Every structure is written in C-alpha cells, then in structure tokens.
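So the structure is just underneath, and the comments pick up after that.
The values are calculated or read from the model by the stated rules, or taken from the named source; none is laboratory data. Please read these numbers as outputs of a predicted model, since none were measured by experiment. Virtual Cβ from ideal backbone geometry, glycine too; neighbours counted across all protein chains shown. Quick note on the areas: whole protein, heavy atoms, side chains included, nothing else; ligands and nucleic acids left out. Shrake-Rupley method; radii C 1.70, N 1.55, O 1.52, S 1.80 Å.
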Amino acid sequence: MGAGVYVHIPFCARKCSYCDFCTVRYDPALIDEYHRSLKREIEMYSISETVETLYFGGGSPSLYPVELLNDLLVHLNSSLRTEIREATIEVNPWELERERLLEWRKMGFSRVSVGVQSSEKSILKICKRPVPSDLTERLLMSRDIFDNLNLDFILGLPREAESNVRANLELIGAIGPDHVSYYVFDSDHETELMSQVHDAIIELPDPEILERLHDLVLESLGKMGYKRYEISSWAMDDRECLHNLKYWRNEQYLGFGLSAGGHFDWKRYVNTGDLNHYHDLIGRNIVPVSEFNQNTVIQELFETLFMGLRLTEGVDLSRKGYPKELLDLLISRIRLYLGEYLSPDNGIVALNESGMDFSRSVFQKLLDIKEEMEIAFST
C-alpha cells in the first residue's frame, strides 16, 4: 500500500470568517523563503513506501506561482520514491483561469478541488469570501480541462435556507463534478464567525432546519448518481479521493509545511503553525514539529476506528493485526454501548444510517470506551 504526501501552502488573499486553518496573508516577499524552507523540510524525511498520492492544500495553493509549484513537484519526485496515481490542488474560484488550469495539468496535477462553499453571494459576503460573478463559467471551464473535479460546499453558514441549498444542488447538476464534499459547518472552533455568533451579531441556522436541509442534500445527490462513501463526501464511480482515503483508513502519509501533519510507523506529528518558528527550526536543520506521539497499540487502534468510521465501508479491524484479546473487548463494548449505531460483524465495524446522523455522539462514547480499555490493559 503506497503512502501519501500533503503539502500546506498557507497563503491566502484574505481570511474567510469561518476558517480555522493555518493561513498567512499573501505577500510576495514571504514566498521565496517559505519555498526554500519547504524544500529543505522535504529533504529531512525518508520512508520505505512509494508515494502514490499528493495533495496541495491551504490556504490557497492556487495563488502560489506556477513555476514554484512545478519546482515543488520536481523536488518531491527527486527526494521520495513516487508513482503518483492522484495529485490534487485546492483552488479558490478567483484563480480558475484557463492559463493556470492548463499549467497545473501540464505540471502533473490530475485533480482540482474548488472551494465553492455556497452559490449564494449574500452568505459568502457575510463570511468575507467574495465570489467571481462568472463562477459557473469558470467551473465549466475547469470541468473541460480536468477530468477529475471536486466541489466543496458548507451547510449551515449564516442565512442558510432551502432556496440556496437547492441552488447549490442545481449548480452541481449543471457542472457535473466527479466528486462533491458537503460539510456541515463546525461551530466548535474559535473563528471570527463564531466570535460574531457569541456576540449576537449574527445567527446560525436552527439545528432542526439544518437537519431537514441535510436530508435534502443526501436525497438529491443520491438521485444525481453520487455515492456517499464518507460522512461528508460523495463520488461518481471510482472517483473517491484517493489521498483522503489514506487519512480515513489511517494509512501512511507525510505532511510538509506550516501546521501540516503526518502519520507513519505508528508515529503521529503536527508541524508548528508559527511561520517564524518554522523557518528558524528548518534553518537549524531541525524538523519543524510541535506535536509528536509514538502511538501505543490502543491509541493506534482507536485512531484507526475514529478515522475509518467516517467511511461507509467501515473498518475491518481483523485485518489490522491487533491482538485478539484487545479486539474482543472492543467489540463487546461497542455492542453494549453503541449497538444501535454501529454494526460490528466479524471484525468489521461500520456506522449504520442512524450512526452517520449521530456520529458526534458515537465518537464521544468511543472516547469513553478507549479510556476504559486503557485502564483495563494497564493493570
């Protein structure tokens, strides 16, 4: 099984109010130094697996100069053993220009992921995310140039209503992307938008309305021929995101750049999110890691479970090589506490339809089971 590589390009033209990702205001003066540090960080790592997926995220990787993007791809191919099956670049709609699209395809990107978020301009204005007036034309052009296109949407932003959700679905039908990500807005993070909510400046939609709108999304995407394969992801046949599947199956991947994370050989790490500290550490030939953990067998087991339960296929724990005694206790606890949401069968654990709808509660209960098992196996 091959590995994945994630590259974080933090630069953005502006900060959307709902965003909690590590971003830096775009400044040409910062680009060259970041590029040099990124290449040096890549040289610090070596893994035995062949890299088969690349994912450039951010931030707005589409703002990064095309010649530097190409240089990074060349550097990755020369520093690591690669047989790339899928290379994704995240794109802001403003950078959907024919010349850029053709350049990205020419240099080796095979998949474009566009952050649409909503087709309703008034919603995006609240979120400080202006959108081009010719968005549909830009998306159609992307569809013509790339044969693997993803569109991202967010459900639950301020002023969300059935009319704009239907408009989003109509846009999906008109463009015909291979993949759709439709996330429910996560209000748990500290963002500018949530500060405005807490200060009663703006309101989020009523949860009951969101539940009905979510059902509309599920029903409509199914009728269009999309298959839901993950809690927030739908794909046409054989167009699942191969890179994201590595996360959800808890496979091996490296993360490069500011705040990027990796997982290999039961090790998990996250890079610093401070740009100056990142440059300083790399300048001293030190990996820029701020968080590191060598997983125990129980930690690795539950990470596999938490990630894999996002997939409709679930997790086949019997093929992961975990001790039988550990798996037997886990399955017994799942049947006892979560039987109505999970369907453990011969080592395969999967969320049923009810579990998909109440996944947050399921994951919270799994944390309790994890704590119980850690106590049981520490004695």
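Some values worked out for this structure:
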| item | result |
| --- | --- |
| Dipole axis of region 301-355 (+1 Lys, Arg; -1 Asp, Glu on Cβ), positive-most option in G314, G339, L327 | L327 |
| 9 Å beta-carbon shell around N70, net charge (K/R +1, D/E -1) | -2 |
| Entries of K267/K370; K39/K106; K128/K246; K106/K246; K324/K370 with Cα pairs more than 27 Å apart | K128/K246 |
| Exposure of R335 as accessible area (Å², to 10), given a probe of 1.4 Å and all protein chains | 140 |
| Nonlocal amide H pairs with N352, under 5 Å, H built at 1.01 Å | L342, S343 |
| Reachable lysines, given that their alpha-carbon falls under 30 Å from the alpha-carbon of K121 and they are not under 8 places away in the same chain | K15, K223, K227 |
| Residues I145 and N276, FRET efficiency given R0 of 41 Å [Cβ-Cβ distance, rounded to 0.05] | 0.60 |
| Under Karplus coefficients 6.51, -1.76 and 1.60, residue-wise ³J(HN,Hα) of region 76-92 in Hz, glycine/proline x | 4, 5, 8, 8, 10, 7, 10, 9, 6, 9, 8, 10, 10, 10, 7, 9, 7 |
| Efficiency of FRET between L367 and H198 - r from beta-carbon atoms, R0 30 angstrom, step 0.05 | 0.70 |
| Cα lying deepest toward the dipole's positive end in region 1-147, options S62, V24, L76, charges on Cβ | V24 |
| Part-to-part distance (alpha-carbon centres) for region 282-332 and region 236-258, which is given in Å | 15 |
| In nm, spacing of pseudo-spin labels at L102 and S163 (7 Å Cα→C-beta vector) | 4.0 |
| Gyration tensor (alpha-carbon) shape descriptor, region 225-315, a/c threshold 1.5 | oblate |
| Considering only the chain, percent of DSSP beta bridges that pair antiparallel, nearest 5 | 40 |
